[in-house]
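**Q** Have a look at this one.
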Amino acid sequence: MSEQFPDRTTLSVLHFLRCAGFTIPLRITQATGLTESTVESTLIDLGVAGFVTKTPGEFGGWGLTPAGTAEDARLIADELDRAGAREAVTATFAAFMVLNPEALDLCSAWQMRSVDGTMLPNDHSAADYDARVMGLFADFHERAATVCAELSAALPRFDHYHRRLTDALDRAKGGDIDYVTDNTNSYHTVWFQLHEDLLVTLGIPRTH
């Protein structure tokens with residue numbers, strides 16, 4: 001890591017912005033487990049260094065500058081090599097990609113359902129249908145947990161994904177159905193961020 005920003009807290013904030021994109025401090029806090037004051041002070045330091053920028057206003061937030069993207073890429077490549085984890089993360093990425101089509105299909109099944117042979121937006125009025133899809137998500141989550149555990153064993157900074165996926169699924173099963181696909185901390189959103197994290201960690205460009 002750089003001499004200027006060697007600490008885990010700063011890398012957590014910088015890297016979350018890399019994976020999640022433009023966002024607000026609260027989302028960083030929720031994902032990383034850092035306090036809001038720590039996140040805000042870290043963002044200020046990163047802003048002074050030219051690694052992040054803030055857009056003001058009601059719909060404003062923080063995002064990486066090109067320099068911030070380059071710095072994060074350098075830091076995580078260094079972390080991967082120092083930990084000797086490239087082979088393990090590459091193998092786990094392959095396991096993730098086996099699961100990824102199923103995750104996308106489940107999200108689509110939650111958002112759309114067939115009514116008299118026509119695919120329509122799921123209005124969640126059919127409790128039996130939603131229960132079946134939720135059951136499939138629960139089964140999927142058990143296999144996703146294995147991937148998350150393997151990633152955490154290779155690099156501890158991947159720890160938060162299992163926690164966040166589990167929280168999203170528990171909230172959805174508890175009746176807060178936006179946590180399947182429609183919340184900023186939904187199962188779909190966290191899974192997408194994990195995909196992005198794996199790609200940027202391994203230096204693989206996103207193709208779709």
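The values are calculated or read from the model by the stated rules, or taken from the named source; none is laboratory data. Treat the numbers as computed from the prediction; the structure is a model and nothing was measured. Here Cβ is always computed from backbone atoms with ideal geometry, including for glycine, and neighbour counts include all displayed protein chains. These area figures cover heavy atoms from the full protein model, side chains too; ligands, DNA and RNA do not enter into them. Shrake-Rupley method; radii C 1.70, N 1.55, O 1.52, S 1.80 Å.
**Q** Being among the charged types (D, E, K, R) and surrounded by 18 or more Cβ atoms within 10 Å (Cβ to Cβ) narrows it down to one of 132, 171, so name that one.
**A** One residue alone meets the criteria, 171.
**Q** Further question on the same structure: I want to confirm something. Restricting to segment 31-42 and keeping residues that are over 24 Å from residue 186 (Cβ atoms) and touching a residue at least 12 places away in the same chain (Cβ under 8 Å), which single residue is least open to solvent (accessible area, probe 1.4 Å)?
**A** Here the answer is 42.
**Q** Related question: Looking only at residues in segment 119-147 that are hydrophobic (A, V, I, L, M, F, W, C), outside any loop (DSSP other than H, G, I, E, B) and free of Cβ contacts under 8 Å to residues at least 24 places away in the same chain, which one is nearest to residue 174 (Cα to Cα)?
**A** Among those residues, the one meeting the criterion is 131.
**Q** Does residue 65 fit the bill of being touching a strand residue (DSSP E or B) at 6+ places or on another chain (Cβ under 9 Å) and modelled with pLDDT of 95 or more?
**A** The answer is yes for residue 65.
**Q** Tell me the residue from 186, 114, 152, 108 that is free of Cβ contacts under 8 Å to residues at least 60 places away in the same chain and farther than 30 Å from residue 90 by Cα, please.
**A** After ruling out the rest, the residue left standing is 114.
**Q** Of the numbered conditions (1) surrounded by 18 or more Cβ atoms within 10 Å (Cβ to Cβ); (2) touching a residue at least 40 places away in the same chain (Cβ under 8 Å), residue 28 fails exactly one; give the number of that condition.
**A** Single failed check for residue 28: (2).
**Q** Evaluate the following for residue 71: is it under 21 Å from the mean Cα position of the chain (by Cα), acidic (Asp, Glu) and closer than 30 Å to residue 142 by Cα?
**A** Judged against the criteria, residue 71 is not a match.
**Q** The conditions are (1) open to solvent by 60 Å² or more (accessible area, probe 1.4 Å); (2) under 27 Å from residue 86 (Cβ atoms); (3) over 12 Å from the mean Cα position of the chain (by Cα), and residue 192 fails exactly one of them. Which is it?
**A** (3)
**Q** Look at residue 166 and say whether it is surrounded by 15 or more Cβ atoms within 10 Å (Cβ to Cβ) and out of contact with any Ser or Thr (no Cβ under 9 Å at 6 or more places or on another chain).
**A** Considered against the rule, which asks whether it is surrounded by 15 or more Cβ atoms within 10 Å (Cβ to Cβ) and out of contact with any Ser or Thr (no Cβ under 9 Å at 6 or more places or on another chain), residue 166 comes out as yes.
**Q** Identify the single condition in (1) closer than 26 Å to residue 187 by Cα; (2) at pLDDT 95 or above; (3) hydrophobic (A, V, I, L, M, F, W, C) that residue 22 does not satisfy, given that it satisfies every other one.
**A** Result: residue 22 fails condition (2) only.
**Q** Now for a different question. Please verify whether residue 151 is of a type in the set (A, V, I, L, M), over 18 Å from residue 33 (Cα atoms), open to solvent by 70 Å² or more (accessible area, probe 1.4 Å) and out of contact with any His (no Cβ under 6 Å at 6 or more places or on another chain), treating the condition exactly as stated.
**A** No, not satisfied.
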